[in-house]
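*Asks:* Input: one structure, supplied below.
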Amino acid sequence: MQNRRRIDANWRMLLIKYREPMNDSFAGLSPARLLDLLHQMLLIRTFEESAEQLYLQGLVHGTMHLSIGQEGSAVGACAALRPTDYILSTHRGHGHCIAKGARADQMMAEFFGKETGYCRGRGGSMHIADVTTGNLGANGIVAGGVPMAAGVGLSIQMQRQDRVVLVFFGDGATNEGAFHESLNLASIWNLPVIYFCENNQYAMSMAITRASKVDRLSERAVAYGIPGVTVDGNDLLAVYAATESAVARARRGEGPTLIEARTYRWKGHSKSDKQRYRTREEVAEWQERDPIARLARQMMAAGILTEEAFAQVQAQVEGEIAAAIEFARNSPDPDPATILEGVYA
Amino acid sequence: MSRELTYAEAVREAIDLAMARDERVFLFGEDVGVYGGAFGVTDGLYQKYGPERVRDTPISEAIIAGVATGAALTGMRPIAEIQFMDFITLSMEQLVLQAAKLRFMLGGKVEVPFVLRTPAGAGTGAAAQHSESLENWFVHVPGLKVVMPSTPADAKGLLLAAIEDPNPVIFIEHKLLYRTKGAVPEGYYTTSLSQSEVKRSGRDLTIVATSLMVVRALEAATKLAAEGIEVEVVDPRTLKPLDADPIIRSVSKTGRVLIVHEAVKTGGFGGELAAIIAESDAFDYLDAPIRRLAGLDIPVPYNRELERRMVPQVDDIIAAARRLVREAR
């Protein structure tokens, strides 16, 4: 692994382009923790960029839904959780999985369809899960995890556990009937659920402005008598602070919260998307609001990150991903003799 | 020791025993609490176990299935009730795309142990949206188990086995069976899932029937015996996974088989049974074509006589059996 000391020209430009306002408190996060969160975001970015390359090379098949540009919401939300807390994730779930603590190598092996993957090659990108770190699974169905979240919340409550469950879903999920049923039930039963909406502006091609007359999706919380808050999803610190407060409320037994994190996916919905529904200018505008560069600039402004340290994190991440790909390539495929396994317990 | 209980009482006793024995077991659904369930099946359980373990839900069938799935996934043993099987159409996504597949999709690393109880069937004058028999939809889904008890003793033993089972089980009760009585052993016992049972032995004809149709087939068999036709009645009890051997053995012995179910014929479980028999060694022993008697391919009608004609009755079974014993291949 090369030990990089110099930063990419692209990153350098992003890092010096704007001056971030001084953030005094960093939402109570220590410099070491912030560096770790920066690392996680870069790991997600690099993982997904590599996965896309591997797909284009024909080494990974099927499809995938990249969350590039949304790392701030995934990492900010999971940073407010404990290892024992649960998450339920979405089809755009690679970031959630890494942020909750999954290993890049077992994830990459799953993308390759290998036996050593998190789902033994049975699930792939869309069903990635790591139950050992509390990730109960990505989901191929929009709002598919949202009803289950109420069940997980009830389970926590009935077992008197000091846990919460955070369910990620997109703006598209808020128009599914199951969303309504779940929020209502969690509300009347005071379940420890954090409903975390990653509003990335599009449900496949359907803009949220065309799909809902409600400007702030968090306003829908009013219908269930619970708090709702909208945050800048590309500001990790804002996401963390909002989630931490929702988690604290849930732990106190006061019930669910609806968080809307406004963000943007830089890539298409999946690998077949020609992106006719949005302009290059719009994408470029959101790319200026890169959540990774933003946290890095905030840390630099406070004097707790140098360009050199950033380059080091980048080098570390690239090493991790290279090792993950190596692990995945060298792993065995599932034995066809085991094809029937896992249907029933 | 056993005593006479109704089918509804047997179901209630099973839930009661499971809840007394295992803290993780809880019951929830629409009107299962103070009301005691739309058919009175859960009567008294709310008073005994309280509102935390016997939970009324809003009329939200998708979330009932979602709660069962999520709670089962994280250490509980939920018993969900869908008030009428027709309403399960509103739960399909969570049952079919989540509960059934989670274990497989996640590489066998999770378990989803819940029971979803639901009353099915026509005969109450409730018409097309409160009378469905949709069991075969679930038989078609790998990952689910489907149980349809026909007697009070089976209802109790199979329900306790379903609650112990580490998989999602669709447990289908029949509204017209709720008031039927039968000997039910006392105390805790389980009846193995996936174990077909010969309910009556006979040499001339095999009837494979499910749920209420088992009761009707047995009544038909008694009448046919007076005519000298000895019918063997086999009850699969668990449709998925099916214990096919007793069925194949019986058909190999009698050489004739009539399959009877209440659900509409097209796409019904009878087609699957017929195919299993045709593909088995029993095929060589068949003296007549495999015959099916099932619900007509119509929505359940309201009018009393039309509703009666839609579903196989004892006389229909007798007539079909008589025809079949005279038939030659």
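*Asks:* Fewest Cβ neighbours within 10 Å first, please rank B:SER131, B:SER252 accordingly.
*Replies:* Values: B:SER131 26, B:SER252 18.
Placing the least packed residue first, the sequence is B:SER252, B:SER131.
*Asks:* Do you know the relative contact order of chain B, to the nearest whole percent, from alpha carbon pairs under 8 angstrom that are 6+ apart?
*Replies:* With pairs under 8 Å counted, the relative contact order is 16 percent.
*Asks:* Rounded to the nearest 5, what % of the DSSP beta bridges within region B:2-185 are antiparallel ones?
*Replies:* Around 20 percent antiparallel, to the nearest 5.
*Asks:* Under a straight-distance cross-link criterion of Cα-Cα below 18 Å, which lysines are reachable from B:LYS199, leaving out those fewer than 8 residues away in the same chain?
*Replies:* Correct list for B:LYS199: B:LYS156, B:LYS181, B:LYS223, B:LYS253.
*Asks:* Pick from B:GLN98, B:GLN195, B:GLN47 the residue whose mean-square fluctuation is largest in a GNM of chain B, springs joining Cα atoms under 10 Å.
*Replies:* B:GLN47
*Asks:* While we're looking at this one, here's another question. Using 0.36 nm per residue of separation minus the Cα-Cα distance, give me the extension gain between B:LYS265 and B:VAL198 in nm, one decimal.
*Replies:* 21.8 nm
*Asks:* Radius of gyration and Dmax for region B:103-214's Cα atoms, expressed in Å?
*Replies:* 15.6, 49
*Asks:* For A:ARG329 and A:ARG210, FRET efficiency with R0 = 30 Å and r from the beta-carbon atoms, rounded to 0.05?
*Replies:* According to the calculation, E is roughly 0.10.
*Asks:* Okay, next question. Nearest 5 is fine: what % of DSSP beta bridges in chain A come out antiparallel, could you say?
*Replies:* Just about 10 percent of them are antiparallel.
*Asks:* To check you understand DSSP bridge types, tell me what percent of the beta bridges within the protein assembly as shown (both residues inside) are antiparallel, rounded to 5.
*Replies:* 20
*Asks:* While we're on this one: Which residue, B:ALA226, B:ALA319, B:ALA62, has the most motion in a Gaussian network model of chain B that connects Cα atoms within less than 10 Å?
*Replies:* Looking only at B:ALA226, B:ALA319, B:ALA62, the largest GNM fluctuation is found for B:ALA226.
*Asks:* Relative to the longest principal axis of chain B, what angle (0 to 90°, nearest 10) does the C-alpha long axis of helix B:7-21 take?
*Replies:* 40
*Asks:* Oh, and also: Using a 10 Å cut-off around each Cβ, can you sort A:THR84, A:THR174 from fewest to most neighbouring Cβ atoms? Working shown, then result.
*Replies:* Values: A:THR84 11, A:THR174 26.
Final ranking by Cβ density, sparse to dense: A:THR84, A:THR174.
*Asks:* Further question: Quick one: among A:ALA221, A:ALA246, A:ALA149, which has the greatest mean-square fluctuation in a GNM of chain A with alpha-carbon springs under 10 angstrom?
*Replies:* A:ALA221
*Asks:* Shifting gears a bit: Let me have the relative contact order for chain A, percent, based on Cα pairs under 8 Å that are six or more residues apart.
*Replies:* 26
*Asks:* Tell me which residues come under 5 Å, amide H to amide H, from B:ALA263 once H is placed; ignore anything under 5 positions away on its chain.
*Replies:* B:GLY295
*Asks:* Right, here's the next one. On a 0 to 90° scale, report how tilted helix B:269-279 is relative to the longest principal axis of chain B, with both axes built from alpha carbons and the result rounded to the nearest 10.
*Replies:* 50
*Asks:* Which of the lysines could a cross-linker bridge to A:LYS100, judged by Cα under 26 Å and excluding same-chain residues fewer than eight apart?
*Replies:* Output for A:LYS100: A:LYS114, A:LYS267, A:LYS271, B:LYS101, B:LYS109.
*Asks:* May I ask you to list the aspartates and glutamates whose Cα is less than 14 Å away from that of B:LYS265, ignoring any residue fewer than eight positions away on the same chain?
*Replies:* B:GLU132, B:GLU135, B:ASP297
*Asks:* Tell me, B:ILE59, B:ILE170 in order of fewest to most beta-carbon neighbours within 10 Å? List each step's numbers first, then the result.
*Replies:* Working: B:ILE59 12, B:ILE170 29.
Lowest to highest Cβ neighbour count: B:ILE59, B:ILE170.
Laboratory data are not the source of any read-out in this text; all were calculated from the coordinates shown. Remember, it's a predicted structure, so these values are computed and weren't measured experimentally. Methodologically, a virtual Cβ is constructed for each residue, glycine included, from the backbone with ideal geometry; neighbour enumeration extends over all protein chains shown.
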